[in-house]
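Contents: one structure, followed by commentary.
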Amino acid sequence: MTESVLTRWVAILAVSLLLGGCAAGSRIPEDSFYRLEQVAPAAKLAAPVLDGILMVQGGAAAPIYRDRALLYSESDAPGRLQRYHYQYWIDTPSQLLQRSLADYLREAGIASNVVLPEEGVDARYRLRVDIERFEHVRGRSGGQVVVTLRMTLAERASGTLLAQESLQGSAAVQGNDFPAVAASYQQVVVDLYGRILERLRSLEPADK
């Protein structure tokens with residue numbers, strides 16, 4: 001082997017070892033996925049409030065809320081939303097809320113049954129929940145999670161509006177990691193579900 005060839009091989013080997021060391025030293029983060037745990041209401045109603053089947057429909061949301069990435073804003077720049085890298089919901093927020101709210105209201109016994117649109121059941125009532133805000137506001141001590149939902153209850157056949165209200169909740173993040181952020185989302189969502197249930201329970205007989 002000539003000296004020039006040997007020199008070339010030594011150079012190639014040195015570069016390979018250098019690149020290998022860099023790759024080993026810079027570990028690529030793994031994706032993490034979060035879900036909303038199903039939580040039953042404190043107590044089941046003695047009798048349904050809605051006389052008929054209730055369908056929980058996925059609501060409207062800004063395009064950025066149709067993505068699965070967890071979102072955040074800075075407390076000093078609330079108008080700017082950004083995505084966290086490698087941190088995702090297992091489904092879009094709209095679908096997560098639709099399914100978990102349906103389960104919650106079914107457990108509460110708010111209607112004779114609570115279904116989703118894909119089940120193909122002829123429901124008397126339609127409840128739609130739009131997402132107006134769904135983000136982690138970063139700040140001191142972990143910041144807080146803020147969620148704003150707009151609920152709309154209507155009778156499907158006539159289109160009669162029975163209830164409409166915007167609900168907002170927030171919870172401080174108790175920690176500096178993403179599981180703590182997800183836990184705060186869980187806390188806020190369960191609180192909002194309870195408020196939606198109370199709003200539905202408050203309907204006058206004439207509204208039903």
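Read-outs: derived from the displayed coordinates by stated rules, not from any lab. Values in this document were obtained by computation on a predicted structure and should not be read as measured data. Because the Cβ atoms are built from the backbone with ideal geometry, glycine has one as well, and the counts that use them run over all protein chains shown.
Key figures for this structure:
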read-out	value
Distant-in-sequence amide H partners of residue 163 (H built 1.01 Å from N, under 5 Å)	153
Dipole magnitude of the chain about its Cα centre (Cβ charges: Lys, Arg +1; Asp, Glu -1), debye to nearest 20	140
Amide H contacts under 5 Å for residue 58, placed H, 5+ residues apart	none
Under the Debye formula (equal points on every Cα, no solvent term), log10 I(q)/I(0) of the chain at q = 0.12, 0.17 Å⁻¹	-0.68, -1.13
Positive-end extreme of charge dipole, the chain - chosen from 78, 167, 154 (charges on Cβ)	78
Rounded to 10°, Cα long-axis angle of helix 93-108 versus longest principal axis of the chain	40
